Amino acid sequence: WLIEPRRTNEVTKYSGTMQQVNKNTLPFLTMNAFAHFIHYWTHGQMVFVDLQGSPTKDGQVLFDPMVHTKNGNSCLGDLGIEGIAQFVQCHQCNHICQTLQLPVLKKSGPQGEVE
C-alpha cells in the first residue's frame, strides 16, 4: 500500500521466482546485475528474485520482490539453497556485472560459490 500510489498499471517483469529473463536492454541488464550484487553483498546468503517494476517519471519503482535465503525461512516463497542454486545456474553476467567487478558465479555448488 506504500508503493501503489507511486506505480502505474504498466508492469515489467525482470525475473521470476526460479527463472531469469535475459533480454539485452539496459533495464533488464541492470536488474540482472542488481540480483547478482545482492548475492555477492550477502556472501551467497540471499538473492532477490521475482523482480518487477512500473515506470514513473522518475524511473522504475520496484515492488513485490521475493528472496531466496540460505535458511529458507524469510517468506512464503523462499526456496532456500535450491532457489539460490537455481539463480547461480541461470545467471548470465553482463557488462554491468563486470563494471561492478562482481566475481563470476560458479555453476556448481549448492550455495552458489564464486570463482
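The values are calculated or read from the model by the stated rules, or taken from the named source; none is laboratory data. Predicted, not measured: the structure shown is a model, and the values here were computed from it. Counting neighbours? That spans all protein chains shown, and the Cβs are built from the backbone with ideal geometry, glycine included. Surface accessibility is based on the protein's heavy atoms, side chains included, excluding ligands, DNA and RNA. Shrake-Rupley method; radii C 1.70, N 1.55, O 1.52, S 1.80 Å.
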Give the angle, between 0 and 90 degrees and rounded to the nearest 10, that separates the Cα long axis of helix 80-90 from the longest principal axis of the Cα atoms of the chain. 90
Accessible area (Å², per residue) of segment 12-100, counting only protein heavy atoms and a probe of 1.4 Å: 53
Let's see if you can work this out: charge +1 on each Lys and Arg Cβ, -1 on each Asp and Glu Cβ, no other charges. What is the dipole magnitude of the chain about its Cα centre, in debye to the nearest 20? 180
In the chain, carbon and sulfur make up what percent of the accessible area (probe 1.4 Å)? 57
Quick check on the chain: of the DSSP beta bridges with both residues there, what percent are antiparallel, nearest 5%? 100
Which residue, A35, I96, F63, has the largest displacement toward the positive end of the dipole of segment 12-100 when charges sit on each Cβ (Lys, Arg +1; Asp, Glu -1)? I96
Using alpha carbon coordinates only, what is the Rg to Rh ratio of the chain, with Rh defined as the Kirkwood radius? 0.97
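Could you grab the relative contact order for the chain? Cα pairs under 8 Å, six or more apart, rounded to a whole percent. Walk me through the numbers before you get to the answer.
Numbers: 203 pairs, mean separation 28.1, N = 115.
It comes to 24 percent, rounded to a whole number.
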